[in-house]
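Single-structure report; data block below.
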Amino acid sequence: MPDIHIERSHQLGIDAARAIARKWVRQVEQEYGLECSYEEGPTRDLGRFSRAGIDGSVEVSGDSFRLQATLAGLFAGFSGQIEQRLRQKLDDLLGERKDGEDEDDDAYNDKDWL
């Protein structure tokens, strides 16, 4: 069972959802050094990401995003913070973050450990 499971419903349709998912994949690849791949399907896309201690996927359809990640080693101890960062990134791209939510509400720099 994944350590992190995030689901978001939307009404964007597959083309707009695909564009957001590709942007998210590029961001995490560049910012966190994850190795990523992305496969398009007719009604569902699958992005995969990994690096030592992290393996996961994001499934994208015309009405939902489903992100799952498994953490190992040192990352397992930070699952709560990592999940919060992943949620923030996805919510930012979907425009779902509430005004006033603090983008960096703890003393950790997420780029140091993810």
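The values are calculated or read from the model by the stated rules, or taken from the named source; none is laboratory data. Everything quoted here is computed from the prediction, not taken from an experiment. We place every Cβ from the backbone using ideal geometry, glycine too, and count neighbours over all the protein chains shown. In case anyone asks, the SASA skips ligands and DNA or RNA and just uses the protein heavy atoms, side chains included. Shrake-Rupley method; radii C 1.70, N 1.55, O 1.52, S 1.80 Å.
Structural remarks
- Some residue of region 21-29 being part of a helix (DSSP H, G or I), out of contact with any Lys or Arg (no Cβ under 6 Å at 6 or more places or on another chain) and β-branched (Val, Ile, Thr): yes
- Any hit, region 19-35, residues being open to solvent by 30 Å² or more (accessible area, probe 1.4 Å), closer than 14 Å to Ile4 by Cβ and touching a strand residue (DSSP E or B) at 6+ places or on another chain (Cβ under 7 Å): no
- Strands (runs of 3 or more DSSP E) contained entirely in region 36-82, each with at least 1 residues that are in contact with a Pro (Cβ under 8 Å, 6 or more places away or on another chain): 54-61, 64-71
- Residues that are more than 18 Å from Gln88 (Cβ to Cβ) and part of a loop (DSSP other than H, G, I, E, B), drawn from region 3-20: Gln11, Leu12, Gly13
- Subset of region 38-88 that is among the polar types (S, T, N, Q) and without any contact (Cβ under 8 Å) to a residue 24 or more places away in the chain - its residue that is farthest from Ala21 (Cα to Cα): Gln84
- Checking each residue in region 51-79 for being farther than 14 Å from Leu90 by Cα and among the hydroxyl-bearing types (Ser, Thr, Tyr) picks out Ser61, Thr70, Ser79.
- Matching residues in region 63-93 - criterion: being among the polar types (S, T, N, Q) and surrounded by 17 or more Cβ atoms within 10 Å (Cβ to Cβ): Thr70, Gln88
- Note on region 5-18: among residues that are charged (D, E, K, R) and in contact (Cβ under 8 Å) with a residue 24 or more places away in the chain, the one that is surrounded by the fewest Cβ atoms within 10 Å (Cβ to Cβ) is Glu7.
- Residues being of a type outside the set (Asp, Glu) and open to solvent by 60 Å² or more (accessible area, probe 1.4 Å) - total across region 36-45: 3
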